[in-house]
Amino acid sequence: MADSHTPTTRRERAERDVAALGRCREEHLLLRVRCQAGHDVAAVYGTVHGPVFVSRAAHRGAEHVDALDGNGEDLIPAWCACGTRRISRSALLRRFAYHERTLVLI
């Protein structure tokens, strides 16, 4: 049985939590992340187990999903038409804690 604190099980739980939001995902939006060119890079949604980070993966149609809390590296990968990004988990947590709705990456 996998340890419930591994990065893999953390991401799997986050994926289930986001899927449970269904068509109402946008109603649970805590923070939107955009690049300076205005591309949507990622979003943070509120789920039953806490905030979850979602970005489009490098593969068309796929998403990279991860919980913001718990163990894991601080930097999370994200992508937009401008290229690959690394976004700080702790910076995201601070942003929506202060009720900021949008983060523009520089």
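At a glance:
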read-out: The stretch 87-106: number of residues that are free of Cβ contacts under 8 Å to residues at least 24 places away in the same chain, in a helix (DSSP H, G or I) and within 13 Å of the chain's Cα centre (by Cα); value: 2
read-out: Selected residue [at pLDDT below 90 and open to solvent by less than 40 Å² (accessible area, probe 1.4 Å)] from Ala97, Ala67, Ala62, Ala43; value: Ala62
read-out: Scope the stretch 74-91; condition touching a strand residue (DSSP E or B) at 6+ places or on another chain (Cβ under 9 Å), open to solvent by 40 Å² or more (accessible area, probe 1.4 Å) and not aromatic (Phe, Trp, Tyr); matching residues; value: Asp74, Leu75, Cys82, Thr84, Arg85, Arg86
read-out: Residues (open to solvent by 70 Å² or more (accessible area, probe 1.4 Å), under 23 Å from Ile106 (Cα atoms) and not in a strand (DSSP E or B)) located in the stretch 17-36; value: Gln36
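The values are calculated or read from the model by the stated rules, or taken from the named source; none is laboratory data. This one's a predicted model, so the numbers in the text were calculated from it and none came from an experiment. Note: ideal-geometry Cβ built from the backbone for every residue, glycine included; neighbour counts use all protein chains shown. Surface accessibility is based on the protein's heavy atoms, side chains included, excluding ligands, DNA and RNA. Shrake-Rupley method; radii C 1.70, N 1.55, O 1.52, S 1.80 Å.
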